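Worksheet for the structure shown next.
The values are calculated or read from the model by the stated rules, or taken from the named source; none is laboratory data. It should be emphasised that the depicted structure is a prediction, and the values quoted were computed from it without experimental measurement. With ideal geometry, Cβ positions are generated from the backbone for all residues, glycine too; neighbour counts draw on all protein chains shown.
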């Protein structure tokens, strides 16, 4: 028996699974942040809060969030943003697929490295959205548009901290049942 077989796969302590309430509440909060009336430079640099939250839950709780939930919430975002119906859906499902593909790798990394991976997925999603908009004949909005994935990646450690605190506050009796 090799000694390396006895070490855990991740560097993080085992956490109980997140409850459905925190997942729903966080997605609702992301939806509200996305629907706020942003304008000007803030609109261009605003991260896609819903996509960041979906990526976070797809990596950390794949039993709760998958491509189907991402597709439904993306259609809701299409209606809320008055975008072409299916545009967000295509981008969100592609991003969730990338997150699910890289999930085990991401979980083995430190929080800063996880944020970099999330930023890469968000950058790819932003590029894909830009490509779709340019194909529809819209003008290039400017380079400030690419600040949004960086800000979204910066939110990753904060999300991990906030959801991690809630998970550890659960009583041991509810975990054992």
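Restricting attention to region 127-140, the residues that are surrounded by fewer than 17 Cβ atoms within 10 Å (Cβ to Cβ) and in contact with a helix residue (DSSP H, G or I) (Cβ under 6 Å, 6 or more places away or on another chain) total 1.
Restricting attention to region 78-126, and to residues there that are outside any helix (DSSP H, G or I) and modelled with pLDDT under 95, which single residue is surrounded by the most Cβ atoms within 10 Å (Cβ to Cβ)? Filtering first and then ranking leaves 83.
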